[in-house]
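The values are calculated or read from the model by the stated rules, or taken from the named source; none is laboratory data. What you are looking at is a predicted structure, and each value in this text was computed from that prediction instead of being measured. Because the Cβ atoms are built from the backbone with ideal geometry, glycine has one as well, and the counts that use them run over all protein chains shown.
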Amino acid sequence: MNADRHTTEEDPIDPRQLRNALGRFATGVTIVTTRGPDGRLEGLTANSFSAVSLDPPLVLWSLNRSSPSLASFRKSGCFAVNILAASQTGLSHRFATRRNNKYEDVEFTVGLDGCPLLKDPVATFECATEMMVDGGDHVIFVGRVRRIMWRDGEPLIFSAGQYCTALPLREGRADSDLEEIWHGLG
């Protein structure tokens, strides 16, 4: 049995320990794409994607300030979030590593404002950049969703430094909770 790991209020937060603790929050895996003002296609793997608002439709993601593609994302005014399927771990790895042309031999179509839309994700969100917010060593991009696509399929999940998939639990269904939440919005 593993011992709990924790810090005290007086302890400085070590970035590696913070990363390890944050890794316990399972997330989906996305590739965020754009076309820079110079026409260059940019894309990177991100798990910082989150919904912000249904009305207006807003989502967010964040990008490290040291990323070579930061200038393109800042200037483009748009981005697309491609939520990967469980079968797309290779694509996730490709876009998580630095290389000259991440799109070489990658199938995609061109979406709104020229943003690349990858083949076979479980969902895409095509967005206009609504605002950028200083977030320490990251820039937080908030986008207004302009067009969406989704399909049935198993999403790719990242947890504790590993790719994984979701397995439904036999107990504790959230259907009734979701129905109550969505019904309250109408």
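Being closer than 15 Å to Ser50 by Cα and small (Gly, Ala, Ser) is a property that holds for Ala123. Against the list (1) at pLDDT below 95; (2) surrounded by 10 or more Cβ atoms within 10 Å (Cβ to Cβ), the condition Cys127 fails is (1).
Among residues of the stretch 81-108 that are within 22 Å of Met149 (Cα to Cα), those with a Cβ under 9 angstrom from a residue that is surrounded by fewer than 16 Cβ atoms within 10 Å (Cβ to Cβ) and aliphatic (A, V, I, L, M), sequence gap 6+ or separate chain, pair up as Ala86/Ala166.
Set side by side, the residues Leu41, Leu70, Leu58 differ, and just one is closer than 21 Å to Glu126 by Cα, in contact with a Phe, Trp or Tyr (Cβ under 9 Å, 6 or more places away or on another chain) and among the aliphatic types (A, V, I, L, M), which is Leu41. The set of residues in the stretch 132-165 being exposed (fewer than 13 other Cβ atoms within 10 Å of the Cβ), not polar (S, T, N, Q) and not in a strand (DSSP E or B) consists of Gly136, Asp137, Arg151, Asp152, Glu154, Ala160, Gly161. One residue stands out in the stretch 68-121 among those that are assigned to a loop (DSSP other than H, G, I, E, B) and among the aliphatic types (A, V, I, L, M): the one that is nearest to Glu42 (Cα to Cα), namely Val106.
When the stretch 102-124 is filtered for residues that are aromatic (Phe, Trp, Tyr) and either at pLDDT below 95 or more than 19 Å from Leu70 (Cα to Cα) (or both), only Phe108 remains.
Can you confirm whether Ser76 is more than 13 Å from the chain's Cα centre (by Cα) and modelled with pLDDT under 95? In short, no. When residues in the stretch 40-66 are screened for being buried (at least 16 other Cβ atoms within 10 Å of the Cβ) and of a type in the set (Gly, Ala, Ser), 4 of them pass.
For the stretch 102-124, filtering for residues that are among the polar types (S, T, N, Q) and either within 21 Å of Ile140 (Cα to Cα) or buried (at least 17 other Cβ atoms within 10 Å of the Cβ) (or both) leaves 1.
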